[in-house]
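The values are calculated or read from the model by the stated rules, or taken from the named source; none is laboratory data. Since we're looking at a predicted model, the values are computed, not measured. Cβ atoms come from the backbone with ideal geometry, glycine included; neighbour counts cover every protein chain shown. Accessible surface is based on the protein model in full, side chains and every heavy atom, while ligands, DNA and RNA are left aside. Shrake-Rupley method; radii C 1.70, N 1.55, O 1.52, S 1.80 Å.
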Amino acid sequence: MVSADTARTTLGVLGNIIALCVFLSPVPTFIQIWKKKAVEQYSPVPYLATLVNCMVWALYGLPVVHPDSLLVLTINGAGTGIEIVYIIIFLIYTAERQKRLRVLLVLLIEAIFITVLTVLVLTVARTVKERSMIVGIMCIMFNIMMYASPLAVMKLVFATKSVEYMPFFLSLACFANGVIWVAYGLIRFDPFIVAPNGIGALFGLAQLILYALFYKSTKRQIAERKSKGEVDLSGVMVIDGEDSRKVGSAPQNGRP
């Protein structure tokens, strides 16, 4: 019979793999941003929320804070590095100066927060139990924020009836990640892992339901845009190597 420790380690390794998939799932989105040289309507909120979440969980996984949590430390350390790369790319291709400044301000606040929290936990809290309690409460708060961060995008989905700007693989990976870490936390009961990941699994499920509801309308909207693009191109004539629009032709790219 498999021991509880073996099962917990196995789930932890599986959780690391799935969590890595969560962190890497936005890669296609950022490849698209890189190709278009623009962030379009993509929001930086999920990546900022995930970054602070990973930093807090990495602190939680330290042996001096919560022993026997190496798998928590490794995946969240990797996640911190990955999210920083995403945010740097977002900053590079953000055309709006105000949006860039807001992102930088949030990054500064997060850096100050994690520094202050680390210093206080390691100097004020004298026992491992106290450190686990303090950081664990922070983990619950920020883990819920990370899972809830797509709510802004979900609002956009309802408004536009399109899931174009809510990456499917991120939603799927978040759901699977929540389920695995709930199982991990239940074996050697850890409420700081079970509670936020249970909520995260529900958020992930809600996003998958939205995909089922609006997938067809998204495809229809994309097809309509492509169709309009073909009509617009027909309204252009080439005269002496220069573009000239036909009188009465449809506007192109939203310009008269």
Neighbours by Cβ (under 9 Å, 6+ apart or cross-chain): first from segment 157-183, aromatic (Phe, Trp, Tyr); second surrounded by fewer than 21 Cβ atoms within 10 Å (Cβ to Cβ) and assigned to a loop (DSSP other than H, G, I, E, B) | Tyr165/Glu40; Tyr165/Gln41; Tyr165/Ser43; Phe168/Ser25; Phe169/Ser25
Is it fair to say Cys21 is closer than 30 Å to Glu130 by Cα and of a type outside the set (A, V, I, L, M)?
-> no
Can you name the residue in segment 89-100 that is of a type in the set (A, V, I, L, M) and either surrounded by 12 or more Cβ atoms within 10 Å (Cβ to Cβ) or in contact with a Ser or Thr (Cβ under 6 Å, 6 or more places away or on another chain) (or both) and, of all such residues, is farthest from Leu51 (Cα to Cα)?
-> Ile92
Quick one: would you say Phe90 is under 24 Å from Phe168 (Cα atoms) and either in contact with a Phe, Trp or Tyr (Cβ under 8 Å, 6 or more places away or on another chain) or modelled with pLDDT of 90 or more (or both)?
-> yes
Enumeration of residues in segment 171-204 that are open to solvent by 10 Å² or more (accessible area, probe 1.4 Å), in a helix (DSSP H, G or I) and farther than 19 Å from Pro46 by Cα | Val179, Ile180, Trp181, Val182, Ala183, Leu186, Ile187, Pro191, Phe192, Val194, Ala195
Out of all the residues in segment 121-138, which are open to solvent by less than 90 Å² (accessible area, probe 1.4 Å) and either modelled with pLDDT of 95 or more or of a type in the set (A, V, I, L, M) (or both)?
-> Val121, Leu122, Ala125, Val128, Ile134, Val135, Ile137, Met138
Just to be sure, is Trp34 within 19 Å of Val106 (Cβ to Cβ) and open to solvent by 10 Å² or more (accessible area, probe 1.4 Å)?
-> no
Output for segment 179-228, where each listed residue is more than 30 Å from Pro67 (Cα to Cα) and within 17 Å of the chain's Cα centre (by Cα) | Leu205, Ala206, Gln207, Leu208, Leu210, Tyr211
Out of segment 62-74, which residues are surrounded by fewer than 22 Cβ atoms within 10 Å (Cβ to Cβ) and farther than 30 Å from Trp34 by Cβ?
-> Leu62, Pro63, Val64, Pro67, Asp68, Ser69, Leu70, Leu71, Leu73
Tabulated pairs, segment 204-232, first among the hydrophobic types (A, V, I, L, M, F, W, C), second at pLDDT below 85 and open to solvent by 100 Å² or more (accessible area, probe 1.4 Å), C-beta under 9 angstrom, 6+ apart or interchain = Leu210/Phe158; Phe214/Phe158
Does Gly77 qualify as being under 22 Å from Val179 (Cα atoms) and crowded, with 18+ Cβ neighbours inside 10 Å?
-> no
Confirm whether Gln41 is open to solvent by 60 Å² or more (accessible area, probe 1.4 Å) and in a loop (DSSP other than H, G, I, E, B).
-> yes
